[in-house]
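Everything on this sheet refers to the single structure shown next.
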Amino acid sequence: MKTKALLYSSVAILIIPLLLSVFTACRNYGGDFDIVYFFKTEPEKAVIDFLESLDNKDTLYIYNNLMLSEDRGKISREKFLEEFSVILEDISSIRIISTVYLGYENEMSKVVAEFDVTYQDGEIKNYKKYFYLIEENDIWKIILEKTFI
């Protein structure tokens, strides 16, 4: 009897943390449950969060969470939000097709994302973009200057 009880409790101790990690596979942005997100690398998650925040026109999230401190020091929050709101006026939605982690090189990670942008006039364009990221205070941040130049 003691052997069975020990076996069951050992299995429970191993399985419960696994189940908790699967069921807490929420996105950093929006908190939606997404099992695919759970299996992505941290840099890919940052790119997904970036694109989702653009889709939701939540540029404040980008400024506060995905932008390097050095970059935030170069542009005020108000100016950043103003410039991005002008850019996003023409965009109706953004749909992520795929993200692929390409590796770590020269202190940066590189992720390629493929996504569709639907514009207000109904036009849909497919984009494939390389995102460059660096870890700052244990959080992956997008190097906007390198990514968008």
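Whole-Hz Karplus values for the range 87-99 come out as 5, 7, 4, 7, 9, 8, 7, 10, 10, 7, 9, 7, 9 Hz, taken residue by residue from phi with 6.51 cos²θ - 1.76 cosθ + 1.60 and θ = phi - 60°; glycine and proline positions read x.
Taking θ as phi - 60° and the Karplus parameters 6.51, -1.76 and 1.60, the scalar couplings of the range 51-64 work out to 5, 5, 5, 5, 4, 8, 6, 9, 6, 5, 4, 4, 4, 7 Hz in sequence order, x denoting glycine and proline. The I87 and I139 beta-carbon pair, evaluated with R₀ = 30 Å, returns a calculated FRET efficiency of approximately 0.80. Please give the FRET efficiency for N126 paired with F39, using the beta carbon to beta carbon distance and R0 = 25 Å, rounded to the nearest 0.05. Between N126 and F39 the formula returns 0.55. At full extension, R77 and K57 could sit 5.7 nm farther apart than now, given 0.36 nm per residue minus the alpha carbon distance.
Readers should treat all values here as calculations from the given coordinates under stated rules, not as data from a laboratory. Since we're looking at a predicted model, the values are computed, not measured. Ideal geometry is used to build each Cβ from the backbone, glycine not excepted, and the neighbour counts take in all protein chains shown.
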